[in-house]
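Below: one structure, written as structure tokens.
Any read-out appearing in this document is the output of simple, stated calculations on the displayed coordinates, not a laboratory observation. Note that the structure is a prediction, hence the values are computed from the model and not measured. Quick reminder, even Gly has a Cβ in these numbers, built from the backbone with ideal geometry, and neighbours come from all protein chains shown.
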Amino acid sequence: MLNKWEGIVLRSIPYGETHKIVTLFTKEAGKLTAMARGAKKPASRLAAITQTFTHGSFLIRTGRGMGTLDQGEQIDSMRHIREDLEATAYASYIVELIDRLTEDNKQGHGLYGLLYDALHAINEQYDPEAISLFVEWKMLPVAGIHPILHQCANCGAAEGEFAFSFKEIGFLCHRCFHMDRYLVRLSPTQLKLIRTFYTVPISSIGNLTLKMTTKQFMKKIVRTIYDEQVGLRLKSRSFLDQLESTPELLPKKEKPVVEGD
Ligand SMILES: [Zn+2]
């Protein structure tokens, strides 16, 4: 059967002398893997559209076993992601996270929309670090973690002062602070931001500019959850960590500034 599907290339690995095995996340069929014959040859029509991050329309022949990518048409090459080191690093982290937490041939929980929004936002030069944070928070349920963020995880109260508890994986109100001795106290702004990161779609955020300390705080919480509960080791994360600890590698650039926190 020949299918025309819209998708984004998550991964592309060489196979034999001339072929590539491409992992796509498609809008219609979720994640899938297909053989792109000849795609390793620079002159191949498939060479450009099988590059990681490419957003395109793909003709895929399915049947028994692995599908075959017959043709593709580029919708967006994601040029900025390819050319900017920081954008590449965060986009790589996002595609690896989504790739690792999903399986082939399963309709994915509106995940195509998340991937699409995140990569396009980075490509349009939104802060890639903030965008990757949105993705990390939003991928928690896909990783099987359902943090309780709309009320106190213990007593259900919606009013009061709140803290984040790694033990409860969610908020605790001041009446329940005794439940966890290692909780992280939250300001009302931090509480609101955590909810925003978890629930608001990237496409409706607008250009949010976050302070470095805010991003570090949000990252610390979400990554602790991944480290303790999911135990995922991502190759792209060690590169990101190196990049973040070596800011002189990144050229100074003006970022569009809108709203602070
Ligand atoms: Zn409570």
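Here are some notes:
- Residue list for the range 100-150, filter: farther than 30 Å from residue 167 by Cα and either charged (D, E, K, R) or in contact with a Cys (Cβ under 7 Å, 6 or more places away or on another chain) (or both): 104, 106, 117, 124, 127
- Of all residues in the range 152-186, exactly one satisfies the criterion of being under 26 Å from the mean Cα position of the chain (by Cα) and of a type in the set (S, T, N, Q), namely 165.
- Residues within the range 17-46 that are surrounded by 16 or more Cβ atoms within 10 Å (Cβ to Cβ) and over 21 Å from residue 101 (Cβ atoms), tallied: 9
- Any chance residue 100 is among the charged types (D, E, K, R) and under 18 Å from residue 2 (Cα atoms): no
- Of the residues making up the range 146-188, those that are within 13 Å of the ligand (Cβ to nearest atom), buried (at least 19 other Cβ atoms within 10 Å of the Cβ) and part of a loop (DSSP other than H, G, I, E, B) are 152, 153, 154, 183.
- Going through (1) of a type in the set (S, T, N, Q); (2) closer than 18 Å to residue 123 by Cβ; (3) surrounded by fewer than 19 Cβ atoms within 10 Å (Cβ to Cβ) one by one, residue 54 falls short only on (3).
- Selection from the range 151-188 of residues that are touching a residue at least 24 places away in the same chain (Cβ under 8 Å), out of contact with any Cys (no Cβ under 6 Å at 6 or more places or on another chain) and more than 20 Å from residue 217 (Cβ to Cβ): 179
- Screening the range 1-16 for residues that are within 14 Å of residue 60 (Cβ to Cβ) and not polar (S, T, N, Q) and picking the one that is surrounded by the fewest Cβ atoms within 10 Å (Cβ to Cβ) gives 1.
- Taking each residue of the range 49-75 that is more than 12 Å from residue 5 (Cβ to Cβ) and looking for partners that are surrounded by 23 or more Cβ atoms within 10 Å (Cβ to Cβ) and among the charged types (D, E, K, R) with beta-carbon atoms closer than 7 Å, six or more apart or interchain, yields 50/20.
- Checking 90, 112, 116 one by one, the residue that is surrounded by 21 or more Cβ atoms within 10 Å (Cβ to Cβ) and out of contact with any helix residue (DSSP H, G or I) (no Cβ under 7 Å at 6 or more places or on another chain) is 112 and no other.
- The set of residues in the range 189-215 being surrounded by fewer than 13 Cβ atoms within 10 Å (Cβ to Cβ) and either under 16 Å from residue 148 (Cα atoms) or of a type outside the set (Gly, Ala, Ser) (or both) consists of 189, 192, 199, 201, 211, 212, 213.
- Residues (surrounded by fewer than 19 Cβ atoms within 10 Å (Cβ to Cβ) and charged (D, E, K, R)) located in the range 119-145: 124
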